1. Kindly indicate which of 113, 143 is of a type in the set (Lys, Arg), in a helix (DSSP H, G or I) and crowded, with 19+ Cβ neighbours inside 10 Å.
2. Take the residues in the stretch 218-234 that are out of contact with any Pro (no Cβ under 8 Å at 6 or more places or on another chain) and hydrophobic (A, V, I, L, M, F, W, C), then tell me which one is farthest from residue 140 (Cα to Cα).
3. Checking the structure you have, find out if any residue of the stretch 236-251 is under 14 Å from residue 194 (Cβ atoms), in contact with a helix residue (DSSP H, G or I) (Cβ under 9 Å, 6 or more places away or on another chain) and not in a helix (DSSP H, G or I).
4. Which members of the stretch 120-138 meet the condition of being more than 15 Å from residue 76 (Cβ to Cβ) and touching a Leu at 6+ places or on another chain (Cβ under 7 Å)?
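FYI, it's all coordinate maths here, none of it is from the lab. From a predicted model like this one, the values you see are computed outputs, not experimental measurements. Neighbour counts run over all protein chains shown; Cβ positions are idealised from the backbone, glycine included.
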Amino acid sequence: SGIVAGGGWFWFTHPNKGLDPRTADAVPSPVAPAPEAAPEPASPSAAGTQATGVVPLPTPPTGNLQRTLDRETSALPCSFIYGNVAPGGEVLIQGLTGLSESSQIETAATVRRALSVASPVKSLNWNVGYVDGPYCAVLSALRSVVLDPGTFSWQAKTMDVRAGSQLTIALSPAPAVLFVDRFMPNGSVAHLRREAIPGLNSPRANAPQTIDVTVAARGELIVATGLSQAVTLPARPGGSEDSAAYLADLRGTIERAQHSGVIISGRIVFVAGGSS
């Protein structure tokens, strides 16, 4: 379900006061002015403004709104939430969260109030998917390091797919290094792919890299991370391992890549439907 709200401010003109009738006789008769050219008729839009006294709302500065939005969404618990401010003041918030529906309603209202302090908000569309599982640490850890929109390109969403189905994930730009992880409801993580991607100097280097992942069960969280330059990846055990131990490794890898100016792209997909 979405939450949509809107608002704005209007300013009204006030009529000018006339002369005091008690002093009207003391005012000397003015000399008749020379004939003036008839004024041009007002345009319909101008006439409407004069008639209603409403001054159109100026376009809000999106820079202040975007900075406030980034600050508010990065601080939300158990969430990987991000947003975008359109030039007209429309705000779209997307991502994944483990917060309950009532908490999401309260959170959306809190974010809107914070944005309204920075600048008027025309509308706020809350398009956030719910994650049912022990993934708060995963979402919060990734969101805490994925902050710079110039360095990172991430998306997070839910998908209704059945176990055994093929899930295609696209990363752009095509990464030099790719790792794909499957976080599972029992608190473990399986490393599906950890490899270098050849052919970055080919004509297809700027094309998106597509990854096919076979869905194992409902309720799993799949995270695909791509780095634009080759980096040394710490060795991980084969099979699966405890996700808490791996998250520290994943965060460290992303932070080191960020400090080196590497472009980091990622996709987070929660498998919300289908049978297990």
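1. Sole residue among the options that is of a type in the set (Lys, Arg), in a helix (DSSP H, G or I) and crowded, with 19+ Cβ neighbours inside 10 Å: 143.
2. Restricting to residues being out of contact with any Pro (no Cβ under 8 Å at 6 or more places or on another chain) and hydrophobic (A, V, I, L, M, F, W, C), the top hit is 230.
3. yes
4. Matches in the stretch 120-138: 120, 121, 125, 133.
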